Amino acid sequence: MISLDVAQLSKVYPDGTTALKDVSFQVNPGEAVVLLGHNGSGKSTLFRSITNFEQLTSGEVFIDGEPIQSLSKRKMRLVRKRIGMVFQDFNLIYNLSVFQNVLFGAMGQAKTSLHTFNWFAPKNLRMKAMECLDRVGLAHLANRRADALSGGQQQRVAIARMLMQDPELILADEPIASLDPKAGREVMDLLWEIVRERALTVFCILHQMDVAKEYGERILALKNGRLLFDRPMQEISDETLSLLYEQKDAAKLASYEEAGA
Amino acid sequence: MADQGKDRWQEEMPARAKRPSLGGFLLTVVVVAFLFSGLAGANLSVDRLFDGVLNLGHFTMQAVPPDTSRVPHVLGAIVETFEIALVGTAFGVMISLPVALLASTNTSPHPVVRTVTRGVVSMLRTVPELIWALVFVIAVGLGPLAGILTIIIDTIGFCARFFSERIEEIRKGPSQALESTGATQFGIIAGSVVPAGFPSFVGTSLFAVEKAIRSAVILGLVGAGGIGVELNTAMSMRMFDEALMIIILILIVVITVEQISTRIRKKII
């Protein structure tokens, strides 16, 4: 079981914008934590910091108690291998086949990267890729080019790619923000089913309050780079949530309502 | 609307033309001077133009009908030209890909490596191909090898630059997705950068083949093998009918290659 510990994270961009200020929280093994926040609240910066894609100004991220910023490249790869990531815009390699995209999920485990290329992939990896695709219900589309699929299907391919990793922790950055409500719901359901059946830990960033309420066991709220609250779902009233979207500026409020709840 | 009149907007209204800067004015004077001096140097006169037209007439009279008697021999030289272009481009493209990876901001191992590689590539491109051909003829002697080496250099100058531009445009997301699986730098490049750029690489390489065929024709003029050698001989021996035949064959080959390459490009992109 993997644990994630974020300690006093701060990030100031070179242009002086403060993206994160003193953010601390823990995600315990087996938990499903949802982070809520509107555009520009620092969500994505936080997401990228967790796997060291973003240089921090101060603070530290611990994975299983190990500070990740000081890890060597090789050790960082070993940590990343255990963490499956799901992105807002899927990040498939669009002119390759669905099957090939899923195979690439094994890059961290295969003997060499070449073993994840369809031409050279060993039979067990090819079988596993088909099983992962089947888990997301897309085995019949394995041969298609990734860009021939709908948005919801592409996100499911991305989830299958992530399953190839056998992740212990799933990080999802707005996995349904680029999808229509119906496809979004299907993706969330699928993701949560997988999390339950494999007893994984999940840290999911969302901006839709209603979706967060439905799936999260614990909710963190980020506002202007600061952690506004961190509570179990049952303790959260609509009033607390409305705090998150409270704005001094009426025009801004309107635009957030459009984008968010 | 009280102060309407002639004087209104005098300050604000833009002038019809801006006064040129001193530098701009001097540059214009220098360029115009070169223009006139150049025209004078060309010794332009009505007589010479008239003679020129007459000479063209003579050339045409002697060249038509084209001499088909040496076609088999000429065809051999054309095939050699085509092979010089193809072999040169193939090796050039193979070298261009790693060079482009070293020269691109997002894939280069170190900024110094990137700057040096870019410098070398633009030097390869800046020196005209005929000069490379002359150098290689001295190095490896007359014949197709000098041509092939020249085309390789020329292709690297062209392809490495465009490959690298494409690589720098590639979206970061997919690479990051692979990185997040624990992939190595090699895996990330082979799995996301190269496939994403592939259609563009193929398109650029096909352009390079077209370019190489035209170059390979010219390279013969300095002895680097191929049809250019034949054309040069025919022209200097004033066998214009044979020269015309060679020119026609060159046209056919160039146009055919361009057609095929256009079709492949349309299919791939």
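Computed quantities for the displayed model
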quantity: Number of the condition not met by B:Lys172 [criteria: (1) within 14 Å of another protein chain (Cβ to nearest Cβ); (2) crowded, with 24+ Cβ neighbours inside 10 Å]; calculated: (2)
quantity: Check on B:Thr115, in a loop (DSSP other than H, G, I, E, B), more than 14 Å from chain A (Cβ to nearest Cβ) and over 21 Å from A:Asp89 (Cβ atoms); calculated: no
quantity: Checking A:Ala129 against (1) surrounded by 21 or more Cβ atoms within 10 Å (Cβ to Cβ); (2) more than 8 Å from every other protein chain (Cβ to nearest Cβ); (3) in contact (Cβ under 8 Å) with a residue 40 or more places away in the chain, the condition it does not meet; calculated: (3)
quantity: Single residue of B:Val32, B:Val46, B:Val53, B:Val64 found to be open to solvent by 60 Å² or more (accessible area, probe 1.4 Å), more than 26 Å from B:Gly225 (Cα to Cα) and touching a residue at least 12 places away in the same chain (Cβ under 8 Å); calculated: B:Val64
quantity: Of all residues in region B:178-203 being open to solvent by less than 20 Å² (accessible area, probe 1.4 Å) and more than 10 Å from chain A (Cβ to nearest Cβ), the one that is nearest to B:Ser108 (Cα to Cα); calculated: B:Phe201
quantity: Candidates A:Arg135, A:Arg145, A:Arg218, A:Arg156 - the one that is of a type in the set (Lys, Arg) and within 14 Å of another protein chain (Cβ to nearest Cβ); calculated: A:Arg145
quantity: For A:Ala32: the one exception among (1) modelled with pLDDT of 90 or more; (2) outside the structural domain of A:Met127 (by TED's automatic domain parsing); (3) of a type outside the set (Val, Ile, Thr); (4) open to solvent by 10 Å² or more (accessible area, probe 1.4 Å); calculated: (4)
quantity: Among (1) touching a residue at least 40 places away in the same chain (Cβ under 8 Å); (2) within 30 Å of A:Asp134 (Cα to Cα); (3) within 16 Å of the chain's Cα centre (by Cα); (4) not assigned by TED's automatic domain parsing to the domain that holds A:Lys213, the one test that A:Leu103 misses; calculated: (3)
quantity: In region A:65-109, residue nearest to the other protein chains (Cβ to nearest Cβ) [restricted to those that are among the aromatic types (Phe, Trp, Tyr) and not in a loop (DSSP other than H, G, I, E, B)]; calculated: A:Phe104
quantity: Exclusive hit being among the aromatic types (Phe, Trp, Tyr) and within 22 Å of B:Val93 (Cα to Cα), set B:Phe240, B:Phe201; calculated: B:Phe201
quantity: Candidates B:Gly220, B:Gly225 - the one that is closer than 24 Å to B:Asp67 by Cα, away from every other protein chain (no Cβ under 14 Å) and not in a helix (DSSP H, G or I); calculated: B:Gly225
quantity: Scan of region A:75-103 for residues that are touching a Leu at 6+ places or on another chain (Cβ under 6 Å) and under 21 Å from B:Phe198 (Cβ atoms), ordered by number; calculated: A:Val98, A:Asn101, A:Val102
quantity: Test set (1) in contact with a helix residue (DSSP H, G or I) (Cβ under 8 Å, 6 or more places away or on another chain); (2) open to solvent by 20 Å² or more (accessible area, probe 1.4 Å); (3) within 14 Å of chain B (Cβ to nearest Cβ) - A:Glu168 fails condition number; calculated: (1)
quantity: Considering residues of region A:175-195 that are in contact with a strand residue (DSSP E or B) (Cβ under 9 Å, 6 or more places away or on another chain) and over 24 Å from A:Met107 (Cβ atoms) only, the residue most open to solvent (accessible area, probe 1.4 Å); calculated: A:Ala177
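The values are calculated or read from the model by the stated rules, or taken from the named source; none is laboratory data. None of these values were measured; they are calculated from a predicted model. When we count neighbours, we look across all protein chains shown, and the Cβ atoms used for this are built from the backbone with ideal geometry, even at glycine. We work out accessible area using only protein heavy atoms, side chains counted, and drop any ligands, DNA or RNA first. Shrake-Rupley method; radii C 1.70, N 1.55, O 1.52, S 1.80 Å.
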